[in-house]
Each structure stands twice: as structure tokens, then as C-alpha cells.
1. Volume per residue, Å³, of the convex hull around the alpha-carbon atoms of the protein assembly as shown?
2. Considering only chain B, what is the antiparallel percent among its DSSP beta bridges, to the nearest 5?
3. Quick one: which residues, 5+ away or cross-chain, put their amide H under 5 Å from the amide H of B:GLU92? H built at 1.01 Å from N.
4. Quick one: dipole size for chain A, taken about the Cα centre, charges +1 on Lys/Arg Cβ and -1 on Asp/Glu Cβ, in debye to the nearest 20.
5. Measure nothing fancy, just the Cα-based angle from helix D:178-193's long axis to the longest principal axis of chain D, in degrees from 0 to 90, nearest 10.
6. Taking every pair of distinct Cα atoms and averaging 1/r, then inverting, what Kirkwood hydrodynamic radius in Å comes out for the stretch C:37-82?
7. Take every Cα pair under 8 Å in chain C that's 6+ residues apart, average their separations, divide by the length, and report that relative contact order as a whole percent.
8. Here are some pairs, D:LYS94/D:LYS163; C:LYS21/D:LYS94; B:LYS496/D:LYS133; B:LYS481/D:LYS133; B:LYS481/D:LYS163; which of them have Cα atoms lying more than 26 Å apart in this structure?
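Readers should treat all values here as calculations from the given coordinates under stated rules, not as data from a laboratory. Since this is a predicted model, take the numbers as computed values, not measurements. Positions of Cβ are generated from backbone atoms using ideal geometry, with glycine treated the same way; all protein chains shown enter the neighbour counts.
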Amino acid sequence: MMIHLSPPHHHGGDSIRANMLAVILALMPATACAVWLYGWLAVWQILTCISVCMLGEWAALRLMRRPSRLHDGSAALTGLLLALVLPAAVPWWMTVFGALFAILLGKQVYGGLGYNPFNPALSARVVLLISFPLAMTSWLIPATGSGGLDVYNAAQTLHFFFAGTLPPGLSLDGITAATPLGYTKTDALQGISIPDSLATHHYSYIDAFIGSEGGSLGETSALALLLGGIYLIARGVIRWHIPLSYLLTVALLASLSNALAPAHYAPPLFHLLAGGLMLCAFYMATDPVSSPVTARGQIVFGAGCGLITWVIRQWGGYPEGAMFAVLLMNCTVPLIDHYCRPRVYGYERRP
Amino acid sequence: MRRLLEHIWGRKPFDGGVVLDMHKDGAQVPITDCPLPEVLIHPLKQHIGETCKPLVAVGDHVLRGQNIARSQGYVSAPVHAGTSGTVVRIEEHPVPHPSGLGMLCIFIEADGEDRRQPLGVMMTNWLQRDPAQLRERIRAAGITGLGGAGFPTFIKLLRDQRHPVNTVILNGIECEPWLTHDQRLMTERSDDIVHGLAILMHMTGADHGVIAIEDNKPEAIAAMQDAIHSWQCECEHIASTSVRLEVLPTRYPQGSEKQLIQAITGKEVPAGKLPLHVGVLCQNISSTLAIYRAITAAEPLTERVVTVSGQGMPAPANLRVRLGTPIRYVLAHCGLDQLDGMQIIHGGPMMGERLKHPEAPVVKSTTGLLLIPDDTLYAEHQPEEPCIRCGHCGDACPIRLVPNLMADLIRDQQFEQAEGYQLFDCIECGCCSYVCPSHIPLVHYFRYGKGQLAQLRQERAFAEASRQRSEQRMARLEQEKAAKAARRQKARARSKVATRTADKQQEPPA
Amino acid sequence: MTEFALILVSAVLVNNYVLSKFLGICPFLGVSGKTETAIGMSFAVMFVMTLAACASWLVQQFVLVPLHLEYLQTIFFILIIAALVQFVEMVIHKSSPVLYQGLGIYLPLITTNCAVLGVALLNVQQDFSFFSSALYGFGAALGFALVLVLFSGLRERLAAAPVPAAFKGSPITLITAGMMSLAFLGFSGLVKV
Amino acid sequence: MNSLVFAVLALGGMALLAGVALAIATRVFHVEGNPVAEQIDHLLPQTQCGQCGYPGCTPYANAVADGSADVNHCVPGGERTMRAIADLMGVEPKAVEEAAAEPMVAFIREDECIGCTLCIKACPVDAIIGAPKHYHTVIADHCTGCNLCLEPCPVDCIDMLIKPELLEHWSWPLPDTERARTGLKRRSQHAQAA
């Protein structure tokens, strides 16, 4: 039997592993930020997520008698991403459930790497949010904030994380606070205008940019996420189309609405820095497997994400819409791929 | 102005493409002659199009340059004897083809005299000749695109009133790694090349001649610059024409005709059309030299320059090889007797084919022979992993296809859908496979898909023809049956009448 | 104006018939194998649903209410829907035999599509005006079509995926539908209806 | 009592109305013949071999179109034809019962042929030529390899030969990678399971 090898007989040397490691590297600033804000709690959270994801992947592939793919780092990346979108105060079993959901139902059920239509980390995040709405919307006040909690040393956080017991004298209400998206939403329901709401909660753009405020582990610091995102674009791991069109759409819609009715619509910068938008724009929406492949398709995809994010934030029942937006747009990827192909050389029109 | 803007914006001269390690090891090695082997092997098809028909029989004595196989059909190029000698065999022999299958070849045993038979008169006064006459000479000389594709050259030189050619582009890009033969030719025979360009411009009536070279060949650029200058001094009388040198940034696959035209003129060749339709003629350097020789020296195409290089080659060489020389002989001349553990690539690493039999001869489309150790080659072909849809393949595609989606469709045997993604526009440059982080052999999938589609077409056509024949047969049988029935009825009627008349008393049977 | 927009948004996204009300699952799973068939089915359902919403409103207002026959609602509505479906079936058979083949049994089954009957009954329940019910019917059909077409795209992609043997076929389809439903939950609370 | 009459009348009237409307629609949208049968016929390889149990390709196409035959009876068409038909009919693909053999072509050993013309009569595509008492020969380009001429030959002088592989007709095989192979295997398993 003759083996036919087709040209090219030359390869550029790129690999899946290199791509995944680059994304993990790009997430390092955000991870560092999470540790800075939530101390040991963040460490336990992240380690649990990553190890459970890798374990789940190993077991699933083992069960299906398929070769192990742990070496390519995709499971670790899913774990890290999931950890970064979870609130710090989530108990361990929720984390484990989320991680297993991400790997098993988000990814392996579809045939493993490359076939999942939805972003695994985000689908797990949404399942957790819908199943445990209270736990998933309790945001710990960061260590650098006013709380000054001593839950942030190794032993007590372990206790808190695994047994769920708080140190004596502390109640969960006392150590949690709403995120800017959360309090503007609840205030809006009580008829308080956005500027007033922001003023009463001492909102500051600088804090939001650096990330010293409540939120999920890794999504608070826009600065750290931006650094990683720019690194990814510069290295050519992701393209600029999705993040740019995503962020631009949100900014555009926010500035238009804010200009028309500043009392009801938050300013664009608030939207850009708030919630999981940055994380979703640079790391979730750009997940290559669940996003369109063509440049034109990616722009459409990003714009769709932006539109849905803004609509849900503005009028929806949930304060944050970024993860729903990405998941919803993930549904449309096959159609976008099919209809947004570029014009082929030598043809007048696009197919 | 456009160029300046592009320079500021840093626009790529064409879409997609990749930057490769060029490995132009043989760039400084002058062209030398490869000695004549004892037996030359001439395959009957060395071009795109119809197979030729032999004009000689076993035992015939032929001269170098004698036409030994006539072209059949329009898209075809005749074959000429590589040296003087005797036809010893006409039989199947391996040829450079990815299938490794053989083809009918004419074997000529050299008599060592190497006597020539010219094609006709030497047309040194080509400027006074009719372009149609020159075109016929090029056809008769058996010249094909020597850049590797092997499309008969004369077809591109059609003078069409509706599509006047205004620019002739000489393709001195040589964007494949390792290959250096065109670069050496431009350095060593720049004057002849410029004359060849002038012939092409005369034939097509073009006003502009462009010689395109990538910026990694400074010597060739300098030589061509001098040649253009001296030619311009020589022919000041042809004032309306202009010849210039275009130095382009190095990028693969700039040497592909369509991409080069886009890089130089900014225009795209419409799908399914020739460059003629955008007023451009694109010609390879080697082909241009062959045209120059065919017209001024009445020499048909019997030799070409081949680069012998690669990781497994200690000293790279640029050899002038007689067409039909067995590849094993060429390699032996370069000091490689032992081919174990070596793979031979026929052509460049990006588009060349792995050669299955070193006994195969050098043919018109042999641009280079690369010797690559087994391990090195297999390291380039790593096992395929799942597609992560990163889209790098689409970014690298010079014709803006979506390779990963096409490969998915082909893997799923949905060939017609893949065709809807313009599968047949793929030029198989290999950029997509080169950049793929999952090591998916995309080009291989596309070739498989194209082959399956062609087969499907063929089967459909055959089925349609069979159906028609079957229907005709049915109609005929039907007709015969009807005729028979009619005859029988007539006969019965007649016999009835006969019985009645013979036996009037008796009742006819019920 | 705002009211109509809200009805439309609510019917298409928030209270999507397939993903939030879980009506019309049968054709949703049955004809979503190929995008082309799904688009054909979408148009058929859109046509039937909008007309059924209009016709059932008319019947309700001018036949059932005056004659005090509200208890016969279901039978009357099914009669109307069945006639409409028969008509659509004939049109499709004439205009596109391939689509007719592709839709197969699911085309006549629009008759028993609970989404269509659901629209007719909900219109009555919500006391919509004629235009509102037509719009609601159209919106619901649009939502059905949107989800069906998106889902068919996903399923085409899934067809080539090496899904583990135990999950091949219906399981993975249902899981994917569940995922979509999860994503559509993001729209909840968008319109307070 | 009254309301019951009303109910019956209203429902009956409604049904009558719908019935009349549909009757008119039937007239307007009447469909002649079965266009799907023709499309199926175009997908079949037209070997006219009868291995499907029908006397030719067109009868089989008609049978598939009206639902009386399965999509998997065409042996020479192989899996590809079956898939194409299943696609067109919108049914699940099924495994073809027998594996398609390599493309064959009939060849008559002329020195043994007695010129009986039986094979000529048997050939469904008129690919055999010859006159009574003269050698017959097969037009290789027209032969569909259906084997129908083997049976009637009284002296068994017809051979089925494998069509030679020509360089011009060679096409690239599927890449020899694990993924491509499992893909192919998956498809055939799927077809068998269905």
C-alpha cells in the first residue's frame, strides 16, 4: 500500500498547544489580578477548576477509548476561563459541578476539541447562574476594598471554600456587595437615575479600569484583560475583528442612548468597563471553535454580541448580558460561516 | 501614487500568502551542464492537455530536436528527441506524477553525436515577422510553461482583438524555497531574457513589459537592470514601448500567475478566464528563454535548467539537463548514488510532488529536485488533529477561500457543497496546510475532493449516455414488437381469409 | 406602536414558542436536519400560523361568541388549521417537489403542531385585537422559524462531529436544544408580559 | 337542544366551506406525474443491471419515488448513490446490501464466440455489436459491467475484466490520516446502524 503524501512538504510549525498556551499566558495578568483581589480564595477556585476540568477530560477520553489530549492545554484553558468568570464566594461543589459541566456537556459530548458549538466555560457559567442564582450573584468585597476580611489567609479560605463556614462574627451579607451593573439595575427599578446611582455608590472609572471592585474573579480588571487581549492580537492568535466590533457596538449603542437620555442609559465607558464585557470580548467570543472563521463573519458575530449584551443589560432581567450574548451568537455561527464568506479571487460578487 | 499609498499602509501586494524560509542555497552556484545519459526517456505527455501520438517506431533513427510525438487536439504540445540516436523502445515507464503510475514513453539510445535538426529558419529578424508565424513556431517547439504547471505556451499568445494585451509580465519571482534556476538564468542570461520579452511584446502588441523579481535576489535584479538599460539604448527606435523592473517584497505564492498579476496591476483575473482578459500576458523566465531560442536559433525545447538542492544535498547545483534524462542519473551526477533514506521532491517543497520512482525522467515541468531525508519530511507531515477553526488557513489563502469549512465538507463526502465553496478555484499553493496548527493536510483533502467530483461528473455523463442507449433500445424493441405484432396480425388475417375461402362450410374456431 | 413592538419581541425572543414554551418540539426536532428543509418548513409554518391566528380570531369573534359555542374552540380551530395545512401542502407539492419530499410527514403534521393551536388559543385567552393576534401569530411563527433555522445550522455542523456513540442522534440533538434554551433564557425579563 | 343544533350547523358549515375551498385548490395546484422519480433516475448509475430487483433503473426510480422500494437496493451505485437518493427523499440512509465491485468491463474471447447473438439481445445498453454467425465484440466505452450477457452465452466465452487504472483517470485518495479514516468509518457505521 503506497502512502500518498500531498504537498506542501513544509510546515510552519504552529500547533494547537502553542495557541492554547498563548491564551493561558494572556490570561495571566487577569489571574494575577484575581489573586491580588481575592487572595487564597482565588487560588483555590482556580486550582479546583483547572484540575477538575483536566480530570474530567482525561476520564471522558479514557471512557470513550480515545487518545488523551491533555497535553494540548485546551482543558486547562477551559478551567482557567471558567474560574475567572465565577464569583469568589462560590462553594467548592458548585465549582466542581460547573467544571464538569463545561468539559463533559459543553465539550466532550460533542466529540471533544473542535466540535463544541458553544463555549464550554460560558455554558457552564450560564447553567450555574440559572441553577444557583443567589450564590452566583453574591460578590465578595475585594481585599483591597473596605471590608478588610481575614478570610483571605490560606487556612480560613480553605475552610470557607470547602466547608462553607465563615469566620465567627462575619455574615455573608456583611462581606458582599453589588457590582456596578447590579446596583444601577436595582436602583433603576426604584426610579433612581443612573448618575445618581453611580454617585451614591462612589463609582469611579479608575477603579473599574484597574479592577478594584466587586465582580467575578477575573473580569474586574479591564486593564489586565486588555493587556492580554492586545498580546493575543499582536501574536496573531486571535484577530481584532470580534473584540473590536463587539466593544464598538456596545460603545456606539451606549453613547447614542446616553446622549438621548442620560438618566436612563449609562455612559459608554461605564458599559465597556463593567461586568464581563472585556473578558467576553477578548477571550470568550474569540474562542475559535465556537466563533465564525471568516473576517466578515467575525465582525457580524461581534456586532451581534454587542447588540445583545447591551439590550440585556439595559432591559433584560439579568444585570449582565455578555455571556448570554456570546452563547446566543454561538448558535448563529454555522449560518454566519455559510453566509459571510469572502469574495473569492476572480469573482465579481460574494458567494 | 497607488504604490506609495500601499507602502505607507503596508498593504500586501496580494491577499493572504505566507513568508517562508527561502533556503536559496544554490543562488551563488553557476549553471553547469549535466552530461548526456545513454538512454533518454520521453513521456508522451509532459503538459496539461491531450496526450501526444508517437511519430516514430522502434528502430528509427532520430536527430536531436526531431519531432517524435505529434500533439493531439488544441491544448497539447509536441515532444522532441533530446539527442540523436535510435528509438529502442516505446513502452510504459514511471513518470514524475503523484500517482506513481507509468505512461507510454519513447526511449532513445544516444549515438553520442548529438546531431541537431533545426525547427526551420532562424528568425533573427523577428520584428518583421508576423506574430501568427512566431506563435506557430512556439507551438511547434513544444514549449510549455516551465514554471511547473506545464500549460502549452502558444495558447496564451493568442492575439485577440477583444482583449488586447498591454502588459507582458516576466515572472522572475521564484517564490518556492530552495529553487534557484530562474534566479541563475536571470543573472547569467539577462540579455537573452530581455530579448525574449521584446519578442513577446512584439507578438502581443503590448506597450509595457514588466520583469517582476522578489527582493531576495539582488544579483538577478542588478543583472536585469543592466540588461534592460543596454536594450533600451540599443532600441531607442521603439519609443512607444517601455520595459521596467518591478522589485516585489518576498512573499509566497507571489509566483503564481494570478497572484503576480494582482501584485503588479492590482487586477484580478476573472474566474475561468485567461490573464488575457485583463490585458496581461504572464510568462515564466525559463519559458521566455526557450521562446527566444526557438525563434532566433530554431531550437525546440530539449533541455531545461533544474535546481538540485534540499537538506539531503551536500552541494546544491543548477544543472542544464536534457529532457528525458533519468532523475537517478542526474542525482548520481551530483554525487548522490545512494538514495536510501532519502525522499525526492519533484519541484519545490510547497507545490512539488514526492517522487515515487527515481527512474522517472526529467520532463518539461521539472523545476527542481529536492533531496530530503525521510525523518525531515515526515516531521513536516505530522498526524492530523481536530480543526480548532482558528481561521489561519483562510487568512493565508491567496484567493480567499475558507479552507477549513471546505475540508469539513469533503471529509463528510459532501463534494457538491464543497464545490459551492469554490473548491475548483483552489490553486493548491499549500499556504493553508503550511499554517494549520492542527496539521490538517488541507490541500490533500482538496485534491481528493476535486478528484471525486471529476469522477462523479464522469460517472454521471456515462450514466446519462447509458440511459439514452437503454431508452433507444427500449424504443427499438417496442417498435420491433409492434412491427412483429402487426405482421402476425396481417398473417393471421390472411390465413383466416384463406381458411374461409378454402372451407366455406366450416365455422371459424371461436 | 410600542405595544405592537413589545408583542413582537415577546413572541419572537422572550416567550419563544420552542425554547421557552416548549411547543412545536416535534417539527423542531424533525425537520432541522438540513437548513434548506428548515427554511422551507419555516415559511410553511409562518404562513399557516399567521393565517390561523387571523382566521381563528374571526371565527371566535363572529361565530363562536355570538352562538355561545366557546366550548367548541378547539375543534373549530383545528378544522381551520387542517384546511390551511392541506392548502399549503398542495402549494408546496406543486411548487417544490423536493421540499415536499424533504418535509415528508412533518408537513401534514403542522396540523397537530401544538404551536399553531397554541397561538390560536392564547390569542383568545389574552383578548388580543385582530391586528394584535395577527402580529402575535406572525411573531410566534417568526420565533419558531428563527430557532428552527439556527438549530438546523448547528445540527448540520454536529452531523460531522465525532459524537460519542451513546450520545449520537437524539441525545446530542436534545442537549443542543437545551443549550439553546439556556442561551435564550438571557432574554427573560426583557418584556414584562 | 337549540345550541346543539347551532353547534352542528356551524361546524358542518365551516367544514363544508373548507372542503369547497380545498376542492378548488386541488384543481388549481394539480401535479402531473412524479418529478421526484425523474430526479432519482438521474442519480442512478444506469447500468440497467437489475440487481435491485427491478427490470431497469427507471422502474426502480419510480418504485423509490412512490415509496414502494427502499433507497438501498442499487448495488453498482454504492453508498454514494444511496446517500444521494436518501438525501433527496429525506429519509435516513441505509446500508447497501452488497458492496459494489470494482468497475468491470465485459470482454468476448472472439475465437470461442459462435455468433449466436444471444448476448447482443441481453445487453441493456447496446454495447455489444456483431451479426449472426460472426464474432461479437464489446464496445468497452459503452459497457456498464452489468453481467447480464454472461448468463445467455451458450459457450461461456465472455469474461468480466477489471477496468485498467490509467494515469489520466487517477485521482487522489483520502488522506491517510487517523481522522479521515475514522470519519469514513463513522459514516459507514452510521449507515449500517440506521
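1. Values: hull volume 330.5 nm³, N = 1248.
Here the figure is 265 Å³ per residue.
2. Around 60 percent antiparallel, to the nearest 5.
3. Result for B:GLU92 returns B:CYS105.
4. Values: 16 positive and 14 negative charges, 259 e Å.
Charge dipole of chain A: 1240 debye, to the nearest 20.
5. 60
6. Values: mean 1/r = 0.0884 Å⁻¹.
Across the stretch C:37-82, the inverse of the average 1/r is 11.3 Å.
7. Averaging sequence separation for qualifying contacts and normalising by length gives 43 percent for chain C.
8. D:LYS94/D:LYS163; C:LYS21/D:LYS94; B:LYS496/D:LYS133; B:LYS481/D:LYS163
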